[in-house]
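To keep things clear, I will list the structure first and then write my remarks on it.
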There are 2 protein chains.
Amino acid sequence: MKPARHRKDRVVLDTSLFVNPDVRSAFGGSPTEAIKEFLVIARKIPALEFYMPSSIFKELLNFVDQRELPGSLLAVLHQKAPSKHEMTCPAFFLYELIDDIRDRINKGLRIAEKAVRSAGKVDERELIQNMRKSYREALREGIIDSAEDVDLILLAKELDALLVTVDHGAITWAEKLGIRWLLPGKFKDYLLSFIQDGQSAPS
Amino acid sequence: MKPARHRKDRVVLDTSLFVNPDVRSAFGGSPTEAIKEFLVIARKIPALEFYMPSSIFKELLNFVDQRELPGSLLAVLHQKAPSKHEMTCPAFFLYELIDDIRDRINKGLRIAEKAVRSAGKVDERELIQNMRKSYREALREGIIDSAEDVDLILLAKELDALLVTVDHGAITWAEKLGIRWLLPGKFKDYLLSFIQDGQSAPS
């Protein structure tokens, strides 16, 4: 059982909710449509506050038709960067991050060696393309590898918020830091449960 | 000017002080000799306390003749792991680490691509050896890339100690965290200044 909350519960959103076609389909056919539909629902839920890191919000604006966005967007979806100069993270986090990166660096080298050994046997352009793909998968998937990823998890931590993302790296580190998270595919149902329950938190 | 210190000043040592032939020469011709000479000097300086992370101490034992080590070693050079489950690090540290790693990952891929393009033109074995060297330099030099490196900087931070190391990665991050550091080449002079000043801290 959770202790009773005396303030609004907070939710931190990643762009994938609106941008990734697989996950936004519940909300709309385009990023702009998905945002509009989200706003219609979100405004009916006074029990929740919605946030997006400013860096992620900037990314989102590249995918939408800004003239079509309702004025209520900025009132409902708050932009906020984490307080990165005041916040701290547990030191063991560093050990795990460096351990993970070290493994990935070794994996990257093995992929490069394999590609060099295959050179001459297959088409060079194709070989390099495949190597790039394997290398990026090995070194970047499932790890927080950008300032935007760090913004997401730190903001969720700072606000004690629910994190809504499909990013495996962000989810992995959310787990390590005790941050609640939800896959965007379940998010519309989650929101609707607040409305059906008459604004109270779902039991 | 530093504020007056009311407790012993602390020093955290890396293995390089005893193991790296270039830097240990002031202390002795072999790691074992260097440790013995260090102990002779260190015992004359009650104003300083010496520490080494347990993980680094274990590494050191691989380089020395343990039967020849004086019993005073463990009394003078304290082994201590950092309190990694209680300590925290500033969140901006994460941003800088991830930014640094991201650049290095891209650099590693460019090195791999260059090697694939050179395949067939030069000896494969030599090509792979050179690629490994460039790759490791690009991805690992100047970065904290092992648990032992993290131990070093966190222990120095925890103890508010002077860090004695040649590791570029550790020095870079010591700077970010406001940790004092000294190159081992200057360390014998540093120690002797305490003895010449009659046990008081150098002015």
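Filter segment B:167-186 for residues that are surrounded by 14 or more Cβ atoms within 10 Å (Cβ to Cβ) and over 13 Å from the mean Cα position of the chain (by Cα) and give the result. B:K176, B:L177 - these are the residues of segment B:167-186 that are surrounded by 14 or more Cβ atoms within 10 Å (Cβ to Cβ) and over 13 Å from the mean Cα position of the chain (by Cα). The listed residues are B:A4, B:A42, B:A47, B:A119, and the only one of them that is in contact with a strand residue (DSSP E or B) (Cβ under 7 Å, 6 or more places away or on another chain) and at pLDDT below 90 turns out to be B:A119. Among the residues of segment B:26-41, not a single one is assigned to a loop (DSSP other than H, G, I, E, B) and within 15 Å of the chain's Cα centre (by Cα).
Every test in (1) more than 7 Å from chain A (Cβ to nearest Cβ); (2) within 25 Å of B:P21 (Cα to Cα); (3) not in a strand (DSSP E or B) is passed by B:E86 save one, and that test is (2).
Report yes if B:D99 is surrounded by 14 or more Cβ atoms within 10 Å (Cβ to Cβ) and outside the structural domain of B:K176 (by TED's automatic domain parsing), otherwise no. Taking the combined requirement at face value, the residue satisfies it.
If the condition is being under 18 Å from the mean Cα position of the chain (by Cα) and more than 10 Å from every other protein chain (Cβ to nearest Cβ), then segment B:128-147 contributes B:E137, B:E141, B:G142.
Meeting the requirement of 1 or more residues that are of a type in the set (V, I, T) and more than 22 Å from B:F92 (Cα to Cα), the helices (runs of 4 or more DSSP H) wholly within segment A:120-198 are A:124-140, A:187-196.
So is B:A81 assigned to a helix (DSSP H, G or I) and either on the phi > 0 side of the Ramachandran plot or assigned by TED's automatic domain parsing to the domain that holds B:G169 (or both) or not? It is false that B:A81 is assigned to a helix (DSSP H, G or I) and either on the phi > 0 side of the Ramachandran plot or assigned by TED's automatic domain parsing to the domain that holds B:G169 (or both).
The values are calculated or read from the model by the stated rules, or taken from the named source; none is laboratory data. What you see is a predicted model, and the numbers here were worked out from it, not measured in a lab. Backbone-built Cβ (ideal geometry, glycine too); neighbour counts: all protein chains shown.
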